[in-house]
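As structure tokens, the structure follows; a few thoughts come after it.
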Amino acid sequence: MGFFDKLKKGLEKTRNALIGGVDSIFSGGKALDEETLEELEELLISSDIGVRTASSIVEALKEKEGEIRKAGSPRAFLKSQMSSLLGKPEPLVVFGEKPFVILTVGVNGTGKTTTIGKLASRFTGEGHSVILAAADTFRAAAIEQLEIWAGRSGAQIIKQQAGGDPAAVAFDAVEAAKKRGTDIVIVDTAGRLHTKAPLMEELKKVRRVIQKAMPDAPQETLLVVDATTGQNALRQAELFNQAIAVSGIALTKLDGTAKGGIVFTIKRELGIPIKLIGIGEGMDDLRDFDPRDFMEALFG
């Protein structure tokens, strides 16, 4: 199965809930009136598109009511409106002076370490040399898990004993990469509750220490969020962004949710690009986010 077919299958729950609901609302040539627009807004919100984003879509529908009635296709107009919210692709691209440093953050259970492993595999497959920094020192299991991914992907690993200083691990990894001429460093960090200030302060320290080793780094601060958590993912993105300026989002578990509308909310309300999406467990199931492919798969 090709990636687009996997994406289409992965978005099945969201498509059935969202697009199936749209088709139901406008079935039988129903008028575009206050009642149907209210139904549509409720549907969008229930699909985790978010209140403000849903309201903006419905307002646009109201403004173009005459055109839509003439064309007879609210669905097509909705697709156009939602596509414009996502904008152009903004993939994860390696650039600039070596090493390219990716600081990876997120709460527990989002699939952060797995995402790092898949990214490492992708980069080594493209011919890049990679170091993984095991800066999640709170759990010995996290270090072991990253070691397994390093072995699978052909990446190197920099680690300390469990309980070590996460910032020191990140610093050592960047210094090692500079000495070895390594292309990419991916820093794993402990999964943390975005509401816990001391943990967020520690992340800021990791970032500062990376910058001591390399002033322009990290070139990418990647937040991994779980699509199945819906609006909670938006709150996570807000707080992590406030703390350490998130530059991109990896949205995992899109294949397990009926609330894939969070894609639109994150982009519109925070302006943070979704750079990667995960739609399965396989090594190739983490891909660059392409808004056009997403919309085509969503609207079937």
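Order of 165-176, 196-207, 287-298 by packing, highest average Cβ count within 10 Å first?
Per-residue mean Cβ counts within 10 Å order the peptides as 165-176, 287-298, 196-207.
Based on the Cα gyration tensor of the range 96-165, what are the three equivalent ellipsoid semi-axes, each the root of five times an eigenvalue, rounded to whole Å and given largest first?
Ellipsoid half-lengths, sorted descending, are 20, 13, 12 Å.
Can you compute 3J(HN,Hα) from phi for each residue in the range 242-257, using the Karplus curve 6.51 cos²θ - 1.76 cosθ + 1.60 with θ = phi - 60°, rounded to whole Hz and x for Gly and Pro?
For the range 242-257, the Karplus curve yields 4, 6, 9, 6, 5, 9, x, 10, 9, 9, 9, 6, 5, 6, x, 10 Hz.
Just name one of ILE279, ILE210, VAL187: the one whose Cα is farthest towards the positive end of the charge dipole of the range 100-299 (beta-carbon charges, Lys/Arg +1, Asp/Glu -1).
ILE210
How many percent of Cα pairs in the range 62-113 exceed 12 Å?
Summing the P(r) tail past 12 Å for the range 62-113 gives 78 percent.
For the range 186-234, what are the per-bin percents of Cα-Cα distances with bins 5 Å wide, up to the bin holding the maximum?
Whole-percent P(r) values from 0 Å outward: 5, 17, 24, 24, 18, 9, 4, 1.
What are the residues whose amide H is under 5 Å from the amide H of VAL101, where those residues sit 5 or more places off or on another chain and H is modelled from the backbone?
VAL185, GLN219, GLU220
How large is the translational diffusion coefficient of the range 100-299 in µm² per second when you combine the Kirkwood radius over alpha carbon pairs with Stokes-Einstein at 10 °C and 1.306 mPa s?
95 µm²/s
On full extension of the chain, what length is gained from ASN232 through VAL51, given 0.36 nm per residue of separation minus the C-alpha to C-alpha distance?
63.8 nm
Would you compute the Debye intensity of the range 145-198 from its alpha-carbon atoms alone, equal scatterers and no solvent, and pass along log10 I(q)/I(0) at q = 0.23 Å⁻¹ to two decimals?
-1.00
Note the angle between two axes, namely the Cα long axis of helix 197-213 and the longest principal axis of the Cα atoms of the chain, as a number of degrees from 0 to 90, rounded to the nearest 10.
60 degrees
Rounded to whole Hz and in sequence order, give me ³J(HN,Hα) for the range 220-236 from the Karplus expression 6.51 cos²θ - 1.76 cosθ + 1.60, θ = phi - 60°, writing x for Gly and Pro.
9, 10, 9, 9, 9, 10, 8, 4, 6, 8, x, 4, 5, 5, 5, 5, 4
How about LYS178: which lysines have a C-alpha closer than 16 Å to its C-alpha, ignoring those fewer than 8 places off in the same chain?
Result set, ordered by chain and number: LYS98, LYS212.
With θ set to phi - 60° and the Karplus curve 6.51 cos²θ - 1.76 cosθ + 1.60, what are the ³J(HN,Hα) couplings of the range 114-128 in order, to the nearest whole Hz, using x for Gly and Pro?
Result, rounded to whole Hz: 5, 4, 4, x, 5, 5, 4, 4, 4, 5, 5, x, 8, x, 7.
Using only C-alpha atoms and all pairs of different ones, pull out the Kirkwood radius for the range 3-86 in Å with one decimal.
For the range 3-86, the Kirkwood estimate is 13.3 Å.
Counting DSSP beta bridges with both partners in the range 100-299, what percentage is antiparallel, nearest 5?
Antiparallel bridges make up about 10 percent of those DSSP assigns within the range 100-299.
What do you get for the angle between helix 34-46 and the principal long axis of the chain? Use alpha-carbon atoms, 0 to 90 degrees, nearest ten.
It is inclined by approximately 20 degrees.
Relative to the longest principal axis of the C-alpha atoms of the chain, give the angle of the C-alpha long axis of helix 12-25, reported between 0 and 90° and rounded to the nearest 10°.
The angle comes out near 20 degrees.
Read-outs: derived from the displayed coordinates by stated rules, not from any lab. Remember, predicted model here, so these are calculated numbers, not experimental data. Please note: Cβ atoms are built from the backbone with ideal geometry, for glycine as well, and neighbour counts cover all protein chains shown.
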